[in-house]
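Below is one structure; the comments refer to it alone.
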Amino acid sequence: MMLSILISIVCIPLFYVLADPCISWLGADDIGGRCRDYILPIVLLCPFNILTGTLAGTMRGEGAARKTMAMTSASAVANMVLDPLLIYVLDLGLLGAGLATALSAAVSCAMCALWYLRGSLVLRPRRNGGFSSDSFPVLRASAPRSAEYFLIYLMSMVQRTLIISGSDTVTVALYSMTWMYVSLACVISMAVGAALVPICSAALAQNDLEKADKAFRYSCKVCVISMTAVAVILFVLADYAVVLFTYTGSMLELRQEFAWVLRVYCSFIPVIGLIDAGSSLLQAMGKADVSLAASFARNLVIIGLLAATSGLSYHAVFYSLSAAELIGVAMMMGAAILLFSKYKKNAAGTRRHR
């Protein structure tokens, strides 16, 4: 919690200074004022957002899955209630939308803090708590993982910039809008991966390699089966799924193109969740730096293929994106399986030595 507060204090001025350059980089200068209105309250109140992730992680670590779900649901409901109140009733517009998002994170923090203070959870806050030698394992795991998240979003900005510079606005729209369905499908793998980290970490700490192996295999199975079902549904109903953003004006004329792109995405949706599973296993083994390296390599492949195809047809762009994602899955899973195999061999050798 102390790390989260310190990091958020550093982030506030950093995000504030970088807001305008990032808006320009994404080609949104014409709506820069609106972007700033939305992001300002989120930046100023970012300690709540960061603390929510920390508190939710500690709750998952002690198995309080229902409380974690309740905290997340309360945040979503608070956002839904505050949005119309701040945007329309108080007439704050996009500033109100950003403020609603920031305050909804504060609701989550308040709920979790109340549970801890009441003693409803296993972990008990100490008045004399602080940094000690026990803090370094947290840093060793969290620093590479934080860098990985930062890298993913930074590379995403680069990818959008490449498409903007090498293609027309239609390709950018096709890329951005249809990706929301990939993000929706990845909610499954993100949830599974978040659960896998504490389970495998506890199993490995107890030298129960069989349990860790079973948890990893089960997580991969859940991700592939559930996300394959999502991909099949999206592939069959693609023409209807894209209606959400192709029902008026010039967008209506692009409905078939949007449906085609969504079907291309369906080629990698069944396995893209394995990236989260592999990354979670690497974190559990204390190999978050390897996960970071695999993510970096994956994004380099995506950027390289997009750079090579962005000046061609939009078909080439999306075929290359699909190929890059499949390569990324192979790299992350390959690293996870290889290092886990070595981990098991080393553990077996240690037992024989004893």
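The values are calculated or read from the model by the stated rules, or taken from the named source; none is laboratory data. Since the model is a prediction, treat every value here as computed from it, not as a measurement. Glycine gets a Cβ as well: all are built from the backbone with ideal geometry, and neighbour counts include every protein chain shown.
Here are some notes:
- Residue within the stretch 200-207 that is in the same structural domain as Ile302 (by TED's automatic domain parsing) and modelled with pLDDT under 85 present: no
- Qualifying residue in the stretch 72-91 (condition: out of contact with any Pro (no Cβ under 7 Å at 6 or more places or on another chain), at positive phi, at pLDDT 80 or above and not assigned by TED's automatic domain parsing to the domain that holds Gly193): yes
- Selection status of Ala105, within 22 Å of the chain's Cα centre (by Cα) and at pLDDT 75 or above: yes
- For the stretch 253-354, the helices (runs of 4 or more DSSP H) that sit wholly inside it and include 1 or more residues that are more than 21 Å from Met155 (Cα to Cα) are 255-265, 269-272, 274-284, 314-353.
- The stretch 1-57 - residue that is of a type in the set (A, V, I, L, M, F, W, C) and not in a helix (DSSP H, G or I) and, of those, surrounded by the fewest Cβ atoms within 10 Å (Cβ to Cβ): Ala28
- Failed condition for Glu62, given (1) of a type in the set (D, E, K, R); (2) in contact with an Asp or Glu (Cβ under 8 Å, 6 or more places away or on another chain); (3) in contact (Cβ under 8 Å) with a residue 24 or more places away in the chain: (2)
- Boolean, Val261 is at pLDDT 90 or above and surrounded by 16 or more Cβ atoms within 10 Å (Cβ to Cβ): no
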